[in-house]
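The values are calculated or read from the model by the stated rules, or taken from the named source; none is laboratory data. None of the values given here were measured: they were computed from a predicted structure. Heads up, the Cβs are rebuilt from the backbone with ideal geometry, glycines too, and the neighbour counts pull from every protein chain shown. Protein only, heavy atoms only, side chains kept; ligands, DNA and RNA dropped before computing areas. Shrake-Rupley method; radii C 1.70, N 1.55, O 1.52, S 1.80 Å.
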Amino acid sequence: MIRVMLAEDQGMVRGALASLLGLEPDIEVVGEAADGEEALAVAAEVRPDIALLDIEMPGMDGLTACAEIIGRVPGCRVMILTTFGRPGYLRTAMEAGAVAFLVKDSPARELAAAIRRVQAGERVIDPGLAAAALSAGPNPLSPRERDVLEAAADGSTIGDIAGRLHLSEGTVRNYLSSAIQKTHARNRIEAVQRAKVQGWL
């Protein structure tokens, strides 16, 4: 049996995935979690063969949990299953050690097949997303530019961002200007949107 743990914050989706995988003769769902922290605890307890993680979860996201699980549960392979098929997310997931990246609109039978392939030692990546990631290239934003853009996402003023990140207003302006230029945006709102679409934030 392939022992699988599911981490998904939407209870109905998690239940549906567990039910679908439970129909497979060689797959057993041995644990479930609603967020990254819980996923880490459950994985350490049940030590699954495969951890199937969503990205967007409250608290610790799936990409952070991926690296943590791989560090704490040797031999556990991590698969990312997400609604957000963004090139930057794929790159980050692979850097964190994930061996599969699938989008949720794939047919259910493909998920079970992907789990078997991963258990056999293969990497499984959504082909359309892999092509998009290659054409998008690496994240052009520096860690500080990402911090400033994320802080700007809620419409905060330059002063608010500066106070929150312990930077001068001039430094915040410089980082925003650089981020706008790198994302080929007209303003910071568009820069935030473009960075999110690419999975750079």
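Structure data summary
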read-out	value
Condition met for Val42 (in contact with a strand residue (DSSP E or B) (Cβ under 8 Å, 6 or more places away or on another chain), in a helix (DSSP H, G or I), open to solvent by less than 40 Å² (accessible area, probe 1.4 Å) and among the β-branched types (Val, Ile, Thr))	yes
Options Ala98, Ala112, Ala179, Ala151: the member that is closer than 30 Å to Leu21 by Cβ, assigned to a helix (DSSP H, G or I) and in contact (Cβ under 8 Å) with a residue 12 or more places away in the chain	Ala112
Test for Ala152: is it open to solvent by less than 20 Å² (accessible area, probe 1.4 Å) and modelled with pLDDT of 90 or more	yes
Selection from the stretch 181-201 of residues that are open to solvent by less than 40 Å² (accessible area, probe 1.4 Å) and among the hydrophobic types (A, V, I, L, M, F, W, C)	Ala185, Ala191, Val192, Ala195, Trp200, Leu201
Count - residues of the stretch 90-117 that are open to solvent by 20 Å² or more (accessible area, probe 1.4 Å) and under 20 Å from Pro140 (Cβ atoms)	5
Count of residues meeting criterion [buried (at least 20 other Cβ atoms within 10 Å of the Cβ) and small (Gly, Ala, Ser)] in the stretch 171-180	1
Unmet requirement for Cys76, which otherwise passes all of (1) modelled with pLDDT of 90 or more; (2) open to solvent by 30 Å² or more (accessible area, probe 1.4 Å)	(2)
Matching option when the condition is open to solvent by 30 Å² or more (accessible area, probe 1.4 Å) and closer than 20 Å to Val103 by Cβ, among Asp26, Asp9	Asp9
Looking only at the stretch 118-146, and only at residues there that are more than 30 Å from Ile180 (Cβ to Cβ) and modelled with pLDDT of 90 or more, the one that is surrounded by the most Cβ atoms within 10 Å (Cβ to Cβ)	Val118
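Yes or no, residue by residue, for (1) free of Cβ contacts under 8 Å to residues at least 40 places away in the same chain; (2) among the acidic types (Asp, Glu); (3) in a helix (DSSP H, G or I); (4) surrounded by fewer than 20 Cβ atoms within 10 Å (Cβ to Cβ):
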{"site": "Leu21", "(1), (2), (3), (4)": "no, no, yes, yes"}
{"site": "Val30", "(1), (2), (3), (4)": "yes, no, no, yes"}
{"site": "Glu38", "(1), (2), (3), (4)": "yes, yes, yes, yes"}
{"site": "Ala51", "(1), (2), (3), (4)": "no, no, no, no"}
{"site": "Glu56", "(1), (2), (3), (4)": "no, yes, no, yes"}
{"site": "Leu63", "(1), (2), (3), (4)": "yes, no, yes, no"}
{"site": "Ile69", "(1), (2), (3), (4)": "yes, no, yes, no"}
